[in-house]
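Beneath this line is the structure, given in C-alpha cells, with notes to follow.
The values are calculated or read from the model by the stated rules, or taken from the named source; none is laboratory data. This structure is a prediction, so every number in the text was calculated from the model and none was measured. Backbone-built Cβ (ideal geometry, glycine too); neighbour counts: all protein chains shown. Just so you know, the surface numbers come from the protein's heavy atoms only, side chains and all, with ligands and any DNA or RNA stripped out. Shrake-Rupley method; radii C 1.70, N 1.55, O 1.52, S 1.80 Å.
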Amino acid sequence: MSFASPLFLWYFLPALLLAVLVLPRSWRNGIIAVASVVFYASGAGAFTLLLLACMVVNFFVGIALEPSEWDLKSKRRRKLLIGVITFDVGMLVIWKYAGFATQQFDYFARIFGGDFPVVHLALPIGISFFTFHHISYVVDIYRGERPALRNPVSFMTYIAMFPQLVAGPIVRYREIADQLPQHRSHRLDDIAAGFPRFALGLCKKVIIADSLNPMVEACFATPSHEMTFGVAWLGAVGYTLQLFFDFSGYSDMAIGLGRMLGFRLPENFARPYSSVTVTEFWRRWHMSLSRWFRDYVYISLGGNRRGPAKTYRNLCIVFVLTGFWHGANWTFLVWGCYHGALLIIERAFHLDQTPSSRAGMLGRRLLTLVLVVFGWVFFKAPDIGHALTMIGHMFLPDFSGLTDVVSAALTNQRLVILLASLAVVFLPAHPVTGPLIESSRTRPATSLRIGVMTAGIAYAAILVANGTFSPFLYYQF
C-alpha cells in the first residue's frame with residue numbers, strides 16, 4: 001500500500017485517524033501497531049512473518065542487554081549484542097544479497113567452464129530500514145542510553161510504525177523512546193500540524209516526481225549507440241530532481257503522518273542541492289541514514305580520533321556500506337565509493353570548508369551539484385557500462401538533440417514541471433520548506449500551507465484518482 005494510493009488516502013488513513021481521535025488515549029500504541037502490521041502485510045504478504053520474527057528476537061534480547069549495576073563489564077552482554085546484530089545483519093544479507101552473491105560466483109565459475117546455482121529471493125519490503133531500527137534499539141540499550149521496552153506493543157509501535165517502516169526516516173531508538181509512553185493529549189492539534197506536511201509531501205511526489213518519471217525512464221532506457229549529449233544531461237538532471245522530490249516527498253508524508261499520530265520523527269532533508277561541498281551535501285541528504293552510520297559505524301570504528309589515515313579508512317568503510325545498503329548491484333557500490341572518495345579529497349585538501357567570498361561559494365555550489373548529478377547516474381543506471389556511456393556523452397557536446405522516444409516523453413507539461421522544479425537548485429539553503437510549513441506561524445508559511453492544502457492537494461488528488469502515481473523510489477531499498 002502506497003501513501004499515494006486511493007486505498008490509503010481515502011480509506012486506511014481516515015479510518016486510522018478517526019480511531020486514534022475517538023478511542024481512549026491508552027489505546028494509541030495498540031491501534032498504531034495493529035494498523036502498521038496491516039499496512040505492511042498489504043504489500044509484503046508472507047514477509048510479514050519475517051518482520052514479526054525479527055521483532056520477537058530483538059524484543060527479548062533487548063531486555064537481556066539492559067545493563068545493571070552488577071554486570072556493567074559483563075562479557076555476556078557483549079557476546080549477546082554481537083549475536084543479535086549478527087542475526088539482524090544475517091537476515092538482511094540473506095534476503096537482499098544472496099542472489100547477487102551467487103550471481104558473482106556463477107560468473108567466475110563459468111569462466112572456468114563450470115556453473116554455480118543462482119539463488120532467486122524476493123526482497124522483503126523495507127528490510128533495510130527495519131534492520132537498522134533493530135540494530136539501533138539493541139545498541140542504544142547496550143550503551144545504557146535508553147532502557148529496554150517491557151511492553152511488546154510499545155516495541156512494535158517503534159519498529160513497525162507504518163510512516164517510517166518502508167522507507168524511513170531511520171529513527172534511532174533514543175530519538176523516540178521518550179515519545180512511546182502514551183501521554184498525548186492534544187490530538188486535534190497534532191492532526192492540524194501534521195496534515196499540511198503530509199499534503200506537501202503528496203504534492204512533491206504526485207505532481208512533480210511522478211510527472212518526471214516517464215521522461216527519466218526514456219532517457220536511461222536509451223541504447224548506448226543512440227545516446228546523445230542532450231539525452232544524457234536531460235536524464236541525469238531529470239533523475240536528480242525526480243529522486244529528490246520523490247524521496248523528500250515521502251519523508252514529508254512520513255513526518256506529517258507521524259505528527260498526526262502524536263510522534264515527532266526526525267528530519268531527513270534540508271535542501272541538499274544548496275550544498276557548497278559534498279561534505280555539506282551529506283549533512284543535508286538522507287540525514288537520518290547519515291546519522292545512523294555516524295553513530296553506529298563511523299564512531300565505533302574510531303571516527304576521526306586516530307589520525308588522518310584511519311579517518312580515511314573509516315570513511316571508506318562507511319561509504320562502501322552506504323552504497324551496498326541501497327542495493328545489491330555494483331552500481332551502488334561505485335556510487336558509494338565515488339562519494340567516499342569525494343569526501344576524503346575534501347578533507348585531505350581542506351576543501352570541506354565554506355568559501356569566504358560570494359563568488360567562491362557560487363562556484364563551489366555549482367561544482368558540488370555537478371558532482372552529485374554524475375553520482376546519480378551510477379545510482380540510476382542498470383549497470384556500470386551504461387552509466388559510463390551516459391557520463392561520457394555528458395562530457396562530449398554534440399548537436400544530435402534528443403531521440404524520438406525521449407522527445408515524445410518530454411511533453412510540454414513535463415517540460416514546465418522540469419523547469420519549475422529546477423527552482424529547488426537555486427533557492428537559498430534556509431529555511432527548509434518542510435519544518436517551515438509544519439510549525440511556523442508567519443504569514444508566508446500560512447499562505448504556503450493554505451496553497452498546499454487547497455490547490456496543491458486538490459490537483460494531487462485528481463492525479464491519484466486517475467492512477468498516474470507510481471511506487472516510491474526508495475521502496476526498492
Inset, instruction - Show me 124-132, 411-419, 295-303 ranked by packing, highest mean number of other Cβ atoms within 10 Å first. - result: 124-132, 295-303, 411-419
Inset, instruction - Just the number, please: carbon plus sulfur as a percent of the accessible area of the range 104-231, 1.4 Å probe, no ligands or DNA/RNA counted. - result: 61 percent
Legend entry - Cα gyration tensor category, rounded, prolate or oblate, for the range 1-45 with a/c compared to 1.5: oblate
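Can you pull the Rg over Rh of the range 267-417, Cα-only, Kirkwood? Provide the component values of the computation, followed by the final result.
Values: Rg = 17.6 Å, Rh = 17.3 Å.
On the Cα set of the range 267-417, Rg over Rh gives 1.02.
Taking the alpha carbon gyration tensor of the range 132-175, what are the square roots of 5 times its eigenvalues, largest first, to the nearest whole Å?
Numbers: eigenvalues 61, 32, 9 Å².
In descending order the semi-axes read 17, 13, 7 Å.
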Legend entry - Charge context of Val405, other residues only, Cβ under 13 angstrom, K/R +1, D/E -1: -3
Legend entry - Highest to lowest packing among 167-174, 30-37, scored as the average C-beta count within 10 Å: 167-174, 30-37
Inset, instruction - At 1.4 Å probe size, with every protein chain present, just tell me what the per residue accessible area of the range 86-229 comes to in Å². - result: 40 Å²
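I need the per residue convex hull volume for the range 36-143, using only the alpha carbons, in cubic angstrom as a whole number. Write down the numbers at each step before the final one.
Details: hull volume 12.5 nm³, N = 108.
Hull volume over Cα atoms, normalised by residue count, gives 115 Å³.
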Inset, instruction - Take the range 214-284, compute every pairwise Cα distance, and split them into 5 Å bins from 0; I just need the percent in each bin. - result: 3, 15, 17, 16, 14, 15, 10, 6, 3, 2, 0
Inset, instruction - Of all alpha-carbon pairs in the range 147-197, indicate the percentage at a distance above 14 angstrom. - result: 62 percent
Legend entry - Solvent-free Debye scattering, log10 I(q)/I(0), computed from the Cα coordinates of the chain at q = 0.06, 0.08, 0.10, 0.11 Å⁻¹: -0.28, -0.52, -0.82, -1.01
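Accessible area per residue for the range 243-346 in Å², computed with a 1.4 Å probe and the full protein assembly in place, what is it? Mind showing how you got there, number by number?
Numbers: 3090 Å² over 104 residues.
Per residue, the range 243-346 has 30 Å² of solvent-accessible surface.
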Inset, instruction - Could you go through the range 115-124 in sequence order and give the Karplus-derived ³J(HN,Hα) for each residue, using 6.51 cos²θ - 1.76 cosθ + 1.60 with θ = phi - 60°, rounded to whole Hz, and x for Gly and Pro? - result: 8, 9, x, 9, 8, 10, 10, 5, 8, x
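Let me check something: with ligands and nucleic acids excluded, how do Trp27, Trp285 order by accessible area (1.4 Å probe), largest to smallest?
On the way: Trp27 135, Trp285 0 Å².
In descending accessible area the options line up as Trp27, Trp285.
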Legend entry - Cα-only radius of gyration and Dmax that characterise the range 403-477, units Å: 16.0, 49
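Give me the one-decimal Kirkwood hydrodynamic radius in Å for the range 1-96, with the sum taken over alpha-carbon pairs. Working shown, then result.
Values: mean 1/r = 0.0612 Å⁻¹.
About 16.3 Å for the range 1-96.
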Inset, instruction - Scan the chain and note any complete DSSP helix (H) whose C-alpha atoms cover at least 30 Å along its axis and whose Kyte-Doolittle average is -1.0 or more. - result: 75-111, 229-260, 358-380
Legend entry - Rounded percent of accessible protein surface that carbon and sulfur make up, the range 1-74, 1.4 Å probe: 75 percent
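Please compute the contact order of the chain in relative form: average sequence separation of alpha-carbon pairs under 8 Å and at least six residues apart, divided by the residue count, as a percent. Could you put the intermediate results ahead of the total?
Details: 620 pairs, mean separation 95.5, N = 477.
For the chain, the relative contact order is 20 percent.
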Legend entry - Inverse of mean 1/r across different Cα pairs in the range 67-224, Kirkwood, Å: 20.0 Å
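I'd like to know how the range 138-273 sits against the 2.2 N^0.38 Å rule of thumb: what's its Cα Rg over that expected value?
Numbers: Rg = 19.4 Å, N = 136, 2.2 N^0.38 = 14.2 Å.
Normalised Rg, Cα atoms only: 1.36.
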Inset, instruction - Return the inverse of the average 1/r over all pairs of distinct C-alpha atoms in the range 91-137, which is the Kirkwood hydrodynamic radius, in Å to one decimal. - result: 12.0 Å
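Counting only protein heavy atoms and using a 1.4 Å probe, what share of the accessible area of the range 336-432 belongs to carbon plus sulfur, as a whole percent?
Numbers: 3890 of 5490 Å².
Looking at the range 336-432 in its full context, I get 71 percent from C and S.
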Inset, instruction - Please list Thr354, Thr446 in order of solvent-accessible area, largest first, computed with a 1.4 Å probe with all protein chains present. - result: Thr354, Thr446
Legend entry - Interatomic Cα distance distribution for the range 245-326, bins of 10 angstrom, percent: 17, 39, 31, 12, 1
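Placing unit charges on C-beta atoms (Lys and Arg positive, Asp and Glu negative, everything else neutral), compute the dipole magnitude of the range 323-462 about its Cα centre in debye, rounded to 20. Could the numbers behind the result be given before it?
Working: 9 positive and 6 negative charges, 122 e Å.
So the dipole magnitude of the range 323-462 works out to roughly 580 debye.
Is the range 330-477 best put as rounded, prolate or oblate by its Cα gyration tensor, with a ≥ b ≥ c the root eigenvalues, rounded for a/c under 1.5, and otherwise prolate when a/b is larger than b/c, oblate when not?
In terms of gyration-tensor shape, oblate.
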Legend entry - Among 345-353, 260-268, 246-254, 106-114, the order from most to least packed when residues are scored by Cβ within 10 Å on average: 246-254, 260-268, 345-353, 106-114
Legend entry - For the range 360-436, accessible area per residue (1.4 Å probe, heavy atoms of protein chains only), Å²: 53 Å²
Legend entry - Stokes-Einstein D in µm²/s, Kirkwood radius over Cα pairs - the range 200-358 at 25 °C with 0.890 mPa s viscosity: 138 µm²/s
Inset, instruction - Calculate, axis by axis, the spread of Cα positions in the range 343-418 along the three principal axes, and write the results as whole Å, longest axis first. - result: 46, 30, 22
Inset, instruction - Place a +1 charge on the Cβ of each Lys and Arg in the chain and a -1 charge on the Cβ of each Asp and Glu, then give the dipole magnitude about the Cα centre in debye, rounded to the nearest 20. - result: 1600 debye
Inset, instruction - Whenever you get a sec, line up Ser26, Ser290, Ser275, Ser357 from highest to lowest accessible area (probe 1.4 Å, protein heavy atoms). - result: Ser26, Ser357, Ser290, Ser275
